[in-house]
Every structure is written in structure tokens, then in C-alpha cells.
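The values are calculated or read from the model by the stated rules, or taken from the named source; none is laboratory data. Owing to the predicted nature of the structure, the values given are computational and were not obtained by experimental measurement. Counting neighbours? That spans all protein chains shown, and the Cβs are built from the backbone with ideal geometry, glycine included. The area values use the complete protein model at the heavy-atom level, side chains included, leaving out ligands, DNA and RNA. Shrake-Rupley method; radii C 1.70, N 1.55, O 1.52, S 1.80 Å.
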Amino acid sequence: MIFETENWKAATPSDLVGFLDRKSKSESSKFGALLAFRSKLSPLTVYKYLVARFGEPNGFMTLSKRSNDSDNLVHWDFLLLAGEHRIWIQGGSRDVQVGISGRKMSPLDWVKFVNALKRDFGNQGKKMSAIGHRLQKWKLVSNRYALIAEVCAEYHEVLNENGASPDFSVPRRTSSKGIKQYQRKIRGMGARSSKLFGAAISLELLTPILAESFINLLIFALRREELRQNVRQYETFVRQPIDTRVFDLHLKCVGFIGGVDATRSEYENFKKVMDRRNLRVHGNVDVSVDEIEEVFFDDYIPLYREGGDPILTFFENQEKVFDIDGVLERYHHAHEFMAYVRSLVKPKYMEGLNLMMEDTSFGFDESRKIMGRLFPSHEAMMVVPVQYDDELKVDWGKWD
């Protein structure tokens, strides 16, 4: 009966009660085998088949899961009767777990089970297609804003924790102890330089990208219906210069109580951040900005205005290149501007968008042109000693 799918039946509520009542269990109903499928069975196909054949999920986990929420370890399950055996099928996020009572299953038995199930897919094809048409189709989209924000936050932490300028005074080297102190100081500054250079240049380059990705995400989420329905108009708008997009937000998007005020300090500081972008992104040379110090030469003889320790002075000049205070200030200005723009959006629109902005991905329903938060911000799965189909020592291809 296990391999005769035509004889399977959905368990009734009384069957479920009987299954829970241990005293009423017979020897044949004791649990016998469990296998999780992540290779040979698709959660989508199995779910459509079971709903088409037996109706809505009827298992214990379905009854006890959190309703109206995708934050569940098990999203659906069915309890089926196959003669004296019970077949329990449940779906996690990416696998299908099958339990069979009263029988030990060999690898070849599992192959036989899967082949019997797949053969019945064809018999339920029309009903499965109808189930498929009722399903909402979402695309999981990478949230570039959240990804960039996470990286920026990491660089900001590095600079914030190590931003205080070190002591560049020269230690006395009149003894072996003094020389060792000097050497330790040089090594420490070298390590600091390596750490801070990457963080400073990266945050400098990413700050304007972070701000622009925020504006673009806001446009995508709140764009008016004409932009949702007309891809060309939407693409034309998002290709406009950043200041054009910023000033037209309240015209092209829903939910705004007003437009961006160009006289606000938040916008003026944001504009300075964006104006520096081309200089940094394209690696343009600007002597007035990038000058470190002056040095004179008499042919090949270098002459500095001021004396000092050459190595410590080198690291001191590096600090000027890093411009940690300036990088942090511009990063904070970008966040102040984003906070200002958010304040222009009505709370009922911003509340849901704030949640999606925290996740590195979001869902997009292309047919309805809407975005949504599909999953919680954490990933979870049951870690139990269960075997998977691709771990069985059997040639599936030989028996398909």
C-alpha cells in the first residue's frame, strides 16, 4: 500500500487523535522510517500534488504553526493513510521530509516510493496546474542598500574605534630599551595604517553610493502607479541626476508630505558628499585637495621645511591622507540626509519600508508590482539526526 499511491487517503480528525493516543497504537503503526528530500523531490511540486489530491494540509504542524507568518520551521504537513501504514509528509523551507510508520525502508524502497509518487504527478496534472495558478509568485531580490549599509557600518566601526590620532613624538633611543620602544611604536603604526587605510578609502567611496541606493530604493518602493506600469518612464526617472531625483521624490512617489527643501542643512551637506563623488570614484587628481606637504629639491637633494623622524613623519602624513574625521563627518551627513527624507514620508508608508530596509533581500511580486518582506531576518532549521536522499548509497539515476 505504501507504493500504491492510488490507495492513499487523507487522515481524518479522528485519525489524528488516534495517532496521538499512544495507548491505541498497534505494533504496525509504530514509526518505522524517515527520510528528508532535498534533491529528488521539489517542495513546490510535492505541495501542489498533495493539495490537488487531498485538499489543504491536515497535519499536526499545520495546526500548531504560527498563522499569517512565514517564520515557521515547518510550513505545511499532511498525514496520509496507506492501509495499516501512516505516511507523514512535511515541508520545511527547502526540503520535504517523509515519515512512514510500521515499515523499515531500504534505499531501494525509497527509490520505489519516489517513482510511484512521480508517476501519480501526471495523473493529477490538471489539478496541480490549477493549484499553481492560485499561488503568488514572488522574486527574491537582493537589497543593495542594506548590503552596502552593512559594509559601511563595519568600516565606520573600525574608524570610530581607531580614529584618535596616535602620538607621533619620537621616543628617546639612547638605550637598547629606547630602541625597542621605538621599534614597537613603528610596528604599531604600520598595523594601524594597514587597517585604517582600507576602511577610510572604502567608507569614503561607499558613502555616496549608500545615499544614492537609499534614494533609489525609496523610488522603487513608493513610485506612483504610472511608473509601476510604465517601465520606460521608471527607468528614465532613475537615470536622472541625483539632485533631480531628490527634488522630484514627492512628485513621482506616493506618501510624501512635501518635497526636499534645498535650503536645509541636511540637503546642503548631502550635496557636498555627492559633489566629492566624481573626484573620488574616478580617481581624479586635485592638488589642492590631495596635497600632503611641500618639499624642495636642489637637483637630487631633498630639503624639507621642518625636521623630524622620517618614519614617524611618514605615518603622520598618512593620517592626513586617511582624513578619518572628514570621512566620518561625510558619512554622518549622509545619514542625517536620509533621516530627513524619511521624515517627509507619512508613517504608514515608512513603517513597512523600514523593516525591508533592514534585510539584505526583499520580495517582489511582478504581477502586482509590489514589494514585501517574505521572511524573518534570521534563518532557522531543525538540526536532528535525519538522513537525506542524496546521502543514500543508491544509484537514483539507475532507478528513475
Inter-label distance for R38 and K9, nm, one decimal - labels placed 7 Å from Cα along Cα-to-Cβ: 3.6
Over the range 133-174, volume per residue of the alpha carbon convex hull, in Å³: 91
Label point distance in nm, K348-Q181, each placed 7 Å from Cα along Cα→Cβ: 6.9
Net dipole in debye of the range 106-263 [+1 Lys, Arg Cβ; -1 Asp, Glu Cβ; about Cα centre; nearest 20]: 820
Accessible-area composition of the chain, carbon plus sulfur, in percent [1.4 Å probe]: 52
Mean shadow area of the range 46-138, taken as a quarter of the surface of its Cα convex hull (nm²): 6.9
Rg over Rh [alpha-carbon atoms, Kirkwood Rh] for the range 307-351: 1.44
Listed residue (V231, P166, F214) projecting farthest to the positive dipole end of the range 165-247, Cβ model: P166
Gained length - D323 relative to A130, 0.36 nm times residue gap less alpha-carbon distance: 63.3 nm
Taking the C-alpha atoms of the chain, convex hull volume expressed per residue in Å³: 273
Extension gain, F296 back to R264 (0.36 nm per residue minus Cα-Cα distance, nm): 7.0 nm
Per residue, in Å², the accessible surface of the chain once ligands and nucleic acids are set aside, probe 1.4 Å: 59
For the range 78-209, diffusion coefficient by Stokes-Einstein and Kirkwood Rh (Cα), 4 °C, 1.567 mPa s, µm²/s: 58
Segments 244-252, 41-49, 347-355 sorted - mean Cβ within 10 Å per residue, highest first: 41-49, 244-252, 347-355
Residue order for R53, R184, R239 - accessible surface, 1.4 angstrom probe, largest first: R239, R184, R53
With DNA, RNA and ligands ignored, accessible area of T174 (1.4 Å probe; Å², nearest 10): 110
Rounded to 10°, Cα long-axis angle of helix 125-134 versus longest principal axis of the chain: 40
